1. Does Ala55 qualify as being touching an Asp or Glu at 6+ places or on another chain (Cβ under 8 Å) and either touching a residue at least 60 places away in the same chain (Cβ under 8 Å) or of a type outside the set (Lys, Arg) (or both)?
2. Among the residues of the range 23-50, what is the count of those that are in a loop (DSSP other than H, G, I, E, B), more than 17 Å from Glu61 (Cβ to Cβ) and β-branched (Val, Ile, Thr)?
3. So, in the range 48-71, of the ones that are farther than 18 Å from Pro6 by Cα and touching a Ser or Thr at 6+ places or on another chain (Cβ under 9 Å), which residue ends up surrounded by the fewest Cβ atoms within 10 Å (Cβ to Cβ)?
4. Scan Arg2, Arg33, Arg13, Arg26 and give me the residue that is within 9 Å of the chain's Cα centre (by Cα) and charged (D, E, K, R).
5. Quick one: count up the residues across the range 1-19 that are free of Cβ contacts under 8 Å to residues at least 12 places away in the same chain and of a type in the set (Lys, Arg).
6. Return yes or no: is Met1 more than 14 Å from Lys72 (Cβ to Cβ) and at pLDDT below 95?
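The values are calculated or read from the model by the stated rules, or taken from the named source; none is laboratory data. What you are looking at is a predicted structure, and each value in this text was computed from that prediction instead of being measured. Backbone-built Cβ (ideal geometry, glycine too); neighbour counts: all protein chains shown.
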Amino acid sequence: MRKKEPSLLISFRTAAEAMAMETACREAGVPGRLIPVPSFVTAGCSFGWKAPEAAEKEVMEFVREKGLEYEKAGIYLL
């Protein structure tokens, strides 16, 4: 079993929000990837953006600068 590490998880209300995040982050080289949202996290959409905990500030600043929509963000053991 893979060791769980503290990671940033951003959840979304819709799949469109998740896809917009993925597109913007890939184009800008922002760290992370889309993952299925774990069952212990309540989210409107079944996808979330997972990034290393160390990249939290960079990712969240990028989200704000681009005006990307999301439901909630937090650090979880993933």
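1. On the way: touching an Asp or Glu at 6+ places or on another chain (Cβ under 8 Å): no; either touching a residue at least 60 places away in the same chain (Cβ under 8 Å) or of a type outside the set (Lys, Arg) (or both): yes.
No, not satisfied.
2. Going through the range 23-50, the residues in a loop (DSSP other than H, G, I, E, B) turn out to be 29-32, 37-46.
Going one step further and asking which of them are more than 17 Å from Glu61 (Cβ to Cβ), we end up with 37-46.
Subset that is β-branched (Val, Ile, Thr): 37, 41-42.
Matching residues across the range 23-50 total 3.
3. Let us first name the residues in the range 48-71 that are farther than 18 Å from Pro6 by Cα, namely 61-71.
Restricting the remaining residues to those that are touching a Ser or Thr at 6+ places or on another chain (Cβ under 9 Å) gives 69-71.
Values: Glu69: 14, Tyr70: 19, Glu71: 18.
By that ranking, first place goes to Glu69.
4. Values: Arg2 fails: within 9 Å of the chain's Cα centre (by Cα); Arg13 fails: within 9 Å of the chain's Cα centre (by Cα); Arg26 fails: within 9 Å of the chain's Cα centre (by Cα).
Just one listed residue meets the conditions, Arg33.
5. The qualifying residues number 2.
6. Values: more than 14 Å from Lys72 (Cβ to Cβ): yes; at pLDDT below 95: yes.
Taking the combined requirement at face value, the residue satisfies it.
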